[in-house]
Amino acid sequence: MKLRTFAFATAMAATAATGAASSVDYAALRDDSRMHEELLGASIAYLIDENCPTIRLRKFRLLNKAFSLRKHAMTLGYSSKEVLAYVESKAEQDRFRAIAEPMLAKRGVKPGDEESYCAVGRAEIKQGSFAGSLLYES
């Protein structure tokens, strides 16, 4: 399944113009600590949601965070359209998955083991981490 970093594409698409940006230098987005931490947290939350049947994404909270992060990205000089292209980029999604999966593995997640994802998800929720703030247990 395709990782949608921050499930952001849907949220961003609500306000972005259609079409993809071309030849945009995304270094400022990649280097920005807030962008990195929140997109990584969202990636972790998405992986937990995708693999744990009892933990779900808080879609309205996710939408609110997505709009806030888009606004932040725009202060870095990017348009809504460019931010959407960045978030939808397969390369960026793969990059965040490559960071998130080993982090989850260090916390005991095993591919194919739903309960291991659920345990980490419950811990994230209890900690009140960024990822945890995007999740709830049903």
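The values are calculated or read from the model by the stated rules, or taken from the named source; none is laboratory data. If you're wondering where the values come from, they're calculated on a predicted model, not measured in any experiment. Cβ placement follows ideal geometry from the backbone for every residue including glycine, while neighbour counts extend to all protein chains displayed.
Do we have residue 54 as modelled with pLDDT under 95 and surrounded by 12 or more Cβ atoms within 10 Å (Cβ to Cβ) here? When the stated conditions are applied, residue 54 does not pass them. Counting residues in the stretch 43-60 that are of a type in the set (D, E, K, R), touching a strand residue (DSSP E or B) at 6+ places or on another chain (Cβ under 9 Å) and in a helix (DSSP H, G or I) gives one or more. In the set (1) assigned to a loop (DSSP other than H, G, I, E, B); (2) within 19 Å of residue 65 (Cα to Cα), residue 131 fails one condition alone, (1).
Can you find a residue in the stretch 85-99 that is touching a residue at least 12 places away in the same chain (Cβ under 8 Å), among the charged types (D, E, K, R) and in contact with a Leu (Cβ under 7 Å, 6 or more places away or on another chain)? Yes: the stretch 85-99 contains one or more residues that are touching a residue at least 12 places away in the same chain (Cβ under 8 Å), among the charged types (D, E, K, R) and in contact with a Leu (Cβ under 7 Å, 6 or more places away or on another chain).
The residues listed here are 21, 91, 73, 17; of these, the one that is more than 29 Å from residue 137 (Cα to Cα), among the aliphatic types (A, V, I, L, M), in a helix (DSSP H, G or I) and modelled with pLDDT under 95 is 91.
Taken residue by residue, the stretch 108-118 has at least one member that is part of a helix (DSSP H, G or I) and either among the hydrophobic types (A, V, I, L, M, F, W, C) or buried (at least 22 other Cβ atoms within 10 Å of the Cβ) (or both). Residues in the stretch 119-132 that are surrounded by fewer than 16 Cβ atoms within 10 Å (Cβ to Cβ) and either at positive phi or not polar (S, T, N, Q) (or both): 3 in all. Restrict the check to the stretch 70-79 and report whether at least one residue is touching a residue at least 12 places away in the same chain (Cβ under 8 Å) and under 14 Å from the mean Cα position of the chain (by Cα). Yes; the residues of the stretch 70-79 include at least one that is touching a residue at least 12 places away in the same chain (Cβ under 8 Å) and under 14 Å from the mean Cα position of the chain (by Cα).
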